[in-house]
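What follows is one structure encoded as structure tokens, with my remarks underneath.
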Amino acid sequence: MILVFGSINVDLVVPVPRLPRPGETVLGGDYLLLPGGKGANQALAARRAGAVVVIAGAVGEDGFAATTLDPLRRAGIDTGLVRAVAAPTGCAAIMVSEGGENIIAVASGANLMVRSDQVPDALLGPRIVLVAQMEVPSAETGAMIRRVRAAGGYVLLNLAPAGALDDSLLRDIDLVVANEQEAATLGADPARIAATLRHGLIVTRGAAGADAYLRNGATLSVPALPVAAIDTTGAGDTFVGVLAAALAQGQPIETGLRRASAAAGLACLARGAQAAMPDAAAIEEAMGRLPQR
């Protein structure tokens, strides 16, 4: 089973002809109000890939809460560990260019009130795969990681947005997934970083695919799925969620990487983080179109 400990947001998405420069106003098209947040996105991606998923997080006592939680519940995700708190539901403001690139600003809101003790000890154990990110308080994420490690579970951390990590915490993490900019905050040598983790480091590189640097010194590369991107907003979260699902299902990391890369490509084919997240059948079909390295 996958336990997602992370953020739950609404996404305010504005399509623009190009991303604005500092101080510039660019007129866009009609905005969309969509469910999002890295935690919720990764939970949905894992569920659509076939995993059993429970999410722990927080939303406000406002009208946006239902917008964020209803799609998760309809997908069959257990939201019983999500708290309603006296703060606004988190919100991400996203501008998406005609070429599919985006810039994002996040108002954390209720996400700052997520606590590790929302998750009961009875839920933890060797069969749990924890999926965490950096959009809730880092101290609580660290506490959750250590609890899962102590219970014998597997820990996958998506280092997004990038933040400082204590070396002692790295030793409790099995796998870190980061894009090139995020990975650079850990150091210049991916192999050295991987050696401090229990399993390894995966660096995603957009249209160039992804590379895995494993603790045992091995390096794996996977290409990206060739697509004409419409919106890349949910691609990274889809990669993480689908990879976590593969690991929870006992698949080798090589298979998980290919499934994650194929799914991330499919997630670029519609606007919004969750709208284009593929199901297991679509991922399986897309894997046949994934180039070989």
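For the reader, a short list of remarks on this structure follows.
- Taking the stretch 267-293 as the range and being closer than 17 Å to residue 35 by Cβ and of a type in the set (S, T, N, Q) as the test, only 274 passes.
- Selection within the stretch 253-293: residues that are of a type in the set (D, E, K, R) and under 21 Å from residue 154 (Cβ atoms). The member of this set that is nearest to the chain's Cα centre (by Cα) is 259.
- Counted residues, the stretch 230-265 - those being small (Gly, Ala, Ser), over 20 Å from residue 6 (Cα atoms) and touching a helix residue (DSSP H, G or I) at 6+ places or on another chain (Cβ under 8 Å): 5
- Test result for residue 9, under 19 Å from residue 140 (Cα atoms), touching a residue at least 60 places away in the same chain (Cβ under 8 Å), buried (at least 22 other Cβ atoms within 10 Å of the Cβ) and in contact with a helix residue (DSSP H, G or I) (Cβ under 7 Å, 6 or more places away or on another chain): yes
- Hey, residue 65 modelled with pLDDT of 95 or more, buried (at least 19 other Cβ atoms within 10 Å of the Cβ), under 29 Å from residue 247 (Cα atoms) and small (Gly, Ala, Ser) or not: no
- The stretch 137-193: number of residues that are in contact with a strand residue (DSSP E or B) (Cβ under 7 Å, 6 or more places away or on another chain) and either over 23 Å from residue 207 (Cβ atoms) or of a type in the set (Val, Ile, Thr) (or both): 17
- Within this structure, residue 219 fails the test of being within 17 Å of residue 183 (Cβ to Cβ) and buried (at least 24 other Cβ atoms within 10 Å of the Cβ).
- Each residue in the stretch 43-59 was checked for being within 29 Å of residue 16 (Cα to Cα) and either in contact with a Phe, Trp or Tyr (Cβ under 9 Å, 6 or more places away or on another chain) or outside any helix (DSSP H, G or I) (or both), and 2 of them qualify.
- Among the residues of the stretch 267-293, those identified as among the hydrophobic types (A, V, I, L, M, F, W, C), surrounded by fewer than 22 Cβ atoms within 10 Å (Cβ to Cβ) and closer than 29 Å to residue 9 by Cβ are 269, 270, 275, 276, 280, 281, 282, 286.
- The residue list 86, 58 contains one member that is closer than 24 Å to residue 105 by Cβ, in contact with a Lys or Arg (Cβ under 7 Å, 6 or more places away or on another chain) and of a type outside the set (D, E, K, R), which is 58.
- Test: residue in the stretch 239-250 that is of a type in the set (Val, Ile, Thr), part of a loop (DSSP other than H, G, I, E, B) and closer than 24 Å to residue 91 by Cα: no
- Flag if residue 129 is modelled with pLDDT of 90 or more and under 17 Å from the mean Cα position of the chain (by Cα): yes
- For the stretch 83-127, a tally of residues being without any contact (Cβ under 8 Å) to a residue 24 or more places away in the chain, part of a loop (DSSP other than H, G, I, E, B) and more than 20 Å from residue 40 (Cα to Cα) returns 0.
- Conditions (1) of a type outside the set (Phe, Trp, Tyr); (2) surrounded by fewer than 24 Cβ atoms within 10 Å (Cβ to Cβ); (3) at pLDDT below 95: number failed by residue 52: (3)
- Odd one out for residue 168 among (1) in contact with a helix residue (DSSP H, G or I) (Cβ under 7 Å, 6 or more places away or on another chain); (2) free of Cβ contacts under 8 Å to residues at least 12 places away in the same chain; (3) not β-branched (Val, Ile, Thr): (1)
A quick yes/no check of all residues on (1) within 16 Å of residue 119 (Cα to Cα); (2) over 18 Å from the mean Cα position of the chain (by Cα):
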position	(1), (2)
48	no, no
55	yes, no
62	no, yes
70	no, yes
79	yes, no
84	yes, yes
87	no, yes
91	no, no
95	no, yes
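The values are calculated or read from the model by the stated rules, or taken from the named source; none is laboratory data. No experiment lies behind these values; they were computed from the predicted model shown. Cβ sites come from the backbone with ideal geometry, for glycine too, and all protein chains shown count toward neighbours.
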